[in-house]
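The values are calculated or read from the model by the stated rules, or taken from the named source; none is laboratory data. This structure is a prediction, so every number in the text was calculated from the model and none was measured. We place every Cβ from the backbone using ideal geometry, glycine too, and count neighbours over all the protein chains shown. When the accessible area is computed, the model is the full protein with side chains, heavy atoms only, and any ligands, DNA or RNA have been set aside. Shrake-Rupley method; radii C 1.70, N 1.55, O 1.52, S 1.80 Å.
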Amino acid sequence: MFIIAGLGNPGLKYAGTRHNVGFGAIDVLAEKYGIDVDARKHKALIGKGVIEGQKVVLVKPQTYMNLSGESIQAAAAYYKLSPEEVLVIYDDVNLDVGRLRIREKGSAGGHNGMKSIISCLGSDQFPRIRIGVGDKPSRMDLADYVLGRFPSEELADVREAIGRAGQAAALIVSGQMAEAMNQFNGKKKL
């Protein structure tokens, strides 16, 4: 079994923001594999199903970004999963819009949601898919930037990247991490 957690902030106020691309990837997976992500459990919206032969729990934490670890740790403990069985999908301001970066493990890289997850799981040894949302303008506050929406000229690239993140997640949970990295790392489009 795998937990696939997409990070974001709950509520319509945050829908479509840079910080919510992880939620978008969960929505793509839910639609493609017919999984309803509507049960409230573990401080999250969750849905159970099967992706590429692997049982999964799709998780959209409802704790707000900076406390994402509380939700993910609760789900991992409930299903008795190790950190290596938790895949996290989230935004990255250090990547150009539309680029993906997939890693088997690593640091938080300054991302508060990831800091929370690493702290709550007590480990950074879990796979992750980062979706590039672009760097903030020099005079803009980071929080304002990640809580802002994409300009219309970036929407097609973002939607395409979210779709590719879903494809990469399916490969990862089916045991094909190297293939996911080879196919999607750093590339803007296939």
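Listed values, structure above:
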{"quantity": "Options Ile172, Ile102: the member that is outside any helix (DSSP H, G or I) and among the hydrophobic types (A, V, I, L, M, F, W, C)", "calculated": "Ile102"}
{"quantity": "Residue that is hydroxyl-bearing (Ser, Thr, Tyr) and either in a helix (DSSP H, G or I) or closer than 19 Å to Phe2 by Cβ (or both), where the choices are Ser107, Ser123", "calculated": "Ser123"}
{"quantity": "Residue under evaluation Asp91, criteria (1) open to solvent by less than 10 Å² (accessible area, probe 1.4 Å); (2) over 15 Å from the mean Cα position of the chain (by Cα); (3) acidic (Asp, Glu), criterion not met", "calculated": "(2)"}
{"quantity": "Flag if Arg99 is open to solvent by 70 Å² or more (accessible area, probe 1.4 Å) and within 29 Å of Glu153 (Cα to Cα)", "calculated": "yes"}
{"quantity": "Count of residues meeting criterion [of a type outside the set (Gly, Ala, Ser) and open to solvent by less than 20 Å² (accessible area, probe 1.4 Å)] in the range 24-40", "calculated": "3"}
{"quantity": "Where Glu160 falls short, out of the listed (1) of a type outside the set (A, V, I, L, M, F, W, C); (2) out of contact with any strand residue (DSSP E or B) (no Cβ under 9 Å at 6 or more places or on another chain); (3) crowded, with 24+ Cβ neighbours inside 10 Å", "calculated": "(3)"}
